[in-house]
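The block underneath contains the structure these notes are about, expressed in structure tokens.
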Amino acid sequence: MRFLVTGGAGFIGSAVCRHLAVNPEHFVLNVDKLTYAGNLASLKSIQDFPNYCFVKADIRDGERISALLRRYDINIVMHLAAESHVDRSIDGPEAFIETNIVGTFRLLKAARGYFESLSGGQREHFRFHHISTDEVYGDLPFDSGMFTEDSPYTPSSPYSASKAASDHLVRAWGETYGLPVVLSNCSNNYGPFHFPEKLIPLVTLNGLAELSLPVYGKGENVRDWLFVEDHAAALEKVAMGGKIGESYNIGGNEERQNIQVVKTICALLDEKHPRANGESYSELIEMVSDRPGHDRRYAIDASKIKRDLGWEPSINFEDGLSKTIDWYLQNEWWWGPIRERSGYERLGVLKGKN
Ligand code: NAD
């Protein structure tokens, strides 16, 4: 298959490109604008592969996208490009509207034009896969319930509202114009190459730098965690085998309170990289005032993708977290320059949230 992956220099997009490109039967075109969150260093392991290609472009540039779709004979668009950080969406929602809503609209328009230009045989193989989040479903009570594909959309933040809008646009292009679309909504990802503003890398790297480990509110908010490479494998299954017009929830069935996640990271760091003063990293935890509109709990019922597409996570949260921390300990070449550049630990918006 010939894939166009938008946002392939980001955290999940780069995992998708690495996952697809090791299969020589696939061709992968990575289209990314390289915002602050895009990093070509995450693609070092595949950058010289003959079946991988990177083009710097903005998804809002419809003409450019149309030309790329034609030039590279694309069969499957996997759309991951987005502004993705909730805290940034609260401080500056405009970029989220521009990329997540307007950008998705322009991409759909380009994909529709391209799809309609294909012959009957080529059309059969074409798919537009929109990658989205469980945050579109809003907030769950602490003690019960899970999001299914039929849960109503009640987004709380500008980020989740913009992703909800893009999901609706994708469905509309399927219903109205017959574009063969498929969607997936996933829980919080973690793993290697995660930008250091998100909870797990932020806490890990702040700990190593002897800085405070900020946790929102009482740290009771619950998220379901999935290892990013498991997400990439699920996305390939949805893109290749998902039923047109359907959506698939993807999750790890690994619910944890934020404070539990932070304490587990501290325990792993205590074991793998003890502090010079002999104290536990947990001494650095600092509770900070809560984010406005902070959803209490997200939990995903991923039974549909397991049943219909045979996907299951391959690694549990504690093992995945241990692997992730090992990766950060061994790969300062990747995260060191990002810390230097952004001074992220000083920014008020970056208080550790995925
Ligand atoms: P990320 O912020 O790490 O990466 C986003 C990428 O998109 C970056 O490389 C950036 O340069 C690129 N980009 C941004 N605006 C662009 C534009 N206008 N044109 C082209 N490229 C542009 O995000 P991520 O965490 O990898 O998330 C990827 C997708 O998965 C997003 O759509 C997000 O909503 C969704 N998602 C993320 C999670 C998670 O836990 N991170 C969970 C579920 C769904």
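What's the magnitude of the charge dipole for segment 29-120 around its Cα centre, counting Lys and Arg as +1 and Asp and Glu as -1 at the beta-carbon? Answer in Debye, nearest 20.
The calculated dipole for segment 29-120 is roughly 300 debye.
Evaluate 2.2 N^0.38 Å with N set to the residue count of segment 66-219, then give the Cα radius of gyration divided by it.
1.23
Quick check on my link table: of Lys109/Lys243; Lys33/Lys272; Lys198/Lys304, which ones sit more than 26 Å apart, alpha carbon to alpha carbon?
Over 26 Å Cα-Cα: Lys33/Lys272; Lys198/Lys304.
Given segment 269-315, what whole percent of its Cα pairs are spread farther than 15 Å?
The share of Cα pairs beyond 15 Å in segment 269-315 comes to 71 percent.
Among His85, Trp311, Leu20, which residue has its Cα furthest toward the positive end of the charge dipole of the chain, with +1 on Lys/Arg Cβ and -1 on Asp/Glu Cβ?
It is Leu20, whose Cα lies furthest towards the positive end.
Around Asn185, which amide H atoms from residues at least 5 apart in sequence, or from another chain, sit under 5 Å from its own amide H, with H modelled in the peptide plane?
Long-range HN contacts for Asn185: Ser132, Tyr248, Asn249, Ile250.
Report the Cα centroid-to-centroid distance between segment 11-45 and segment 50-121 in angstrom, as an integer.
Cα centroid to Cα centroid, the span is 15 Å.
Find which of Leu284, Leu43, Gly251 sits farthest along the positive direction of the dipole of the chain, computed with +1 on the beta-carbon of Lys and Arg, -1 on that of Asp and Glu, about the Cα centre.
About the Cα centre, the residue reaching furthest to the positive side is Leu43.
With +1 on each Lys and Arg Cβ and -1 on each Asp and Glu Cβ, and nothing else charged, work out how big the dipole of the chain is about its Cα centre, in Debye to the nearest 20.
The calculation lands at about 960 debye.
Calculate one ³J(HN,Hα) per residue across segment 323-336 by plugging θ = phi - 60° into the Karplus curve 6.51 cos²θ - 1.76 cosθ + 1.60, and present them in order as whole Hz with x for glycine and proline.
Whole-Hz 3J(HN,Hα) from phi for segment 323-336: 4, 5, 5, 4, 4, 5, 5, 9, 10, 5, 4, 7, 8, x.
Quick one: compute a quarter of the convex hull surface over the Cα atoms of segment 150-238 and quote it in nm².
The directionally averaged projection comes out at 7.9 nm².
Can you compute log10 of I(q)/I(0) for the chain with the Debye formula, treating each Cα as one identical point scatterer, at q = 0.10, 0.12, 0.13, 0.14 Å⁻¹?
-0.58, -0.84, -0.99, -1.16
Could you line up Ser156, Ser212 from fewest to most neighbouring Cβ atoms inside 10 Å?
Ranked by crowding around the Cβ, least crowded first: Ser212, Ser156.
Under the classification rounded if a/c is under 1.5, otherwise prolate if a/b is larger than b/c and oblate if not, where does segment 1-136 fall, given a ≥ b ≥ c as square roots of the Cα gyration tensor eigenvalues?
Oblate is the answer for segment 1-136, as a/c is 1.5 or above yet b/c matches or exceeds a/b.
Considering only DSSP beta bridges with both partners in the chain, what is the antiparallel share in %, to the nearest 5?
10
Taking every DSSP beta bridge that has both residues in segment 71-218, what percent is antiparallel when rounded to the nearest 5?
Given both bridge residues lie in segment 71-218, the antiparallel proportion sits at roughly 0 percent.
Binning at 10 Å from 0, report for segment 1-44 what percent of all alpha-carbon pair distances ends up in each bin.
Spelled out per bin, shortest first, that is 34, 55, 11, 0.
Within segment 169-328, what percent of beta bridges assigned by DSSP are antiparallel, to the nearest 5?
20
Give me the angle, in degrees from 0 to 90, between the Cα long axis of helix 11-21 and the longest principal axis of the Cα atoms of the chain, rounded to the nearest 10.
In the chain, helix 11-21 runs at an angle near 50 degrees to the longest axis.
Give me, ordered by chain and number, the residues 5 or more places off Tyr216 or on other chains with an amide H under 5 Å from its own placed amide H.
Answer set, sorted by chain and number: Val288.
Where a number appears in this text, it was derived from the coordinates with a stated rule and is not lab data. Please read these numbers as outputs of a predicted model, since none were measured by experiment. We place every Cβ from the backbone using ideal geometry, glycine too, and count neighbours over all the protein chains shown.
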